[in-house]
1. Please give the FRET efficiency for Asp111 paired with Arg56, using the beta carbon to beta carbon distance and R0 = 35 Å, rounded to the nearest 0.05.
2. Taking a 1.4 Å probe, which of Asp124, Asp111, Asp100 shows the most accessible area, and what order do the others take after it?
3. Write down the Kirkwood hydrodynamic radius of the stretch 85-130, to one decimal in angstroms, obtained as one divided by the mean of 1/r over all alpha carbon pairs.
4. Stretch Arg45-Lys125 to full length: gain in nm at 0.36 nm per residue minus the Cα-Cα span?
5. Residues with beta-carbon under 11 Å from that of Asp88, excluding Asp88: net charge, scoring Lys, Arg +1 and Asp, Glu -1?
Amino acid sequence: MVAACARMEPPPHPPSPAAAPDSAELVCAQGRNLKAVLCQRCGSRVLLPGAATFARRELLLPAMRKKAAAAAGGGGGDVLREHWLVRDMFSFENVGFTRDVGNVKFLVCADCEAGPIGWHCLDDKDSFYVALERVAHE
């Protein structure tokens, strides 16, 4: 893994447009998601607006595929840096988890099982990361 499971606090304010033009339009002044977060594949709602905080953290996520293949690990992956940080798993509208891969569970769409869309370290029960590049916004 690129990132250890150490706790990481979100930035004090949203990214500047010069730093991240794509994410700036998705983040409100309080650093929370302005739009609903959806599965890119099936359109299922993952998070409601305001349910997550923008965070920058380098995380290695396996390539997108169905839940069983994502849990198996291996193969290629992507280092993703921009995420929605969710502190309470009950804030999700619709998310599934893979089996443990070491001390990590990957987040997938609960409807179509596409993923991983995010990452959760079992050592930190209060941090669930959803990669901005792996979801759609509405």
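1. Details: r = 28 Å, r/R0 = 0.81.
Step by step, r from the Cβ atoms, then E = 0.80.
2. Working: Asp124 15, Asp111 110, Asp100 85 Å².
So, going from the largest accessible area down, we get Asp111, Asp100, Asp124.
3. On the way: mean 1/r = 0.0957 Å⁻¹.
Final number for the Kirkwood radius of the stretch 85-130 is 10.5 Å.
4. Working: separation 80, 0.36 × 80 = 28.80 nm, distance 2.25 nm.
So the extension gain works out to 26.6 nm.
5. Details: positive: Arg87, Lys125; negative: Asp126.
Local net charge: +1.
The values are calculated or read from the model by the stated rules, or taken from the named source; none is laboratory data. Because the structure is a prediction, the values reported are computed rather than measured. Note: ideal-geometry Cβ built from the backbone for every residue, glycine included; neighbour counts use all protein chains shown. Accessible surface areas use protein heavy atoms only, side chains included; no ligands, DNA or RNA. Shrake-Rupley method; radii C 1.70, N 1.55, O 1.52, S 1.80 Å.
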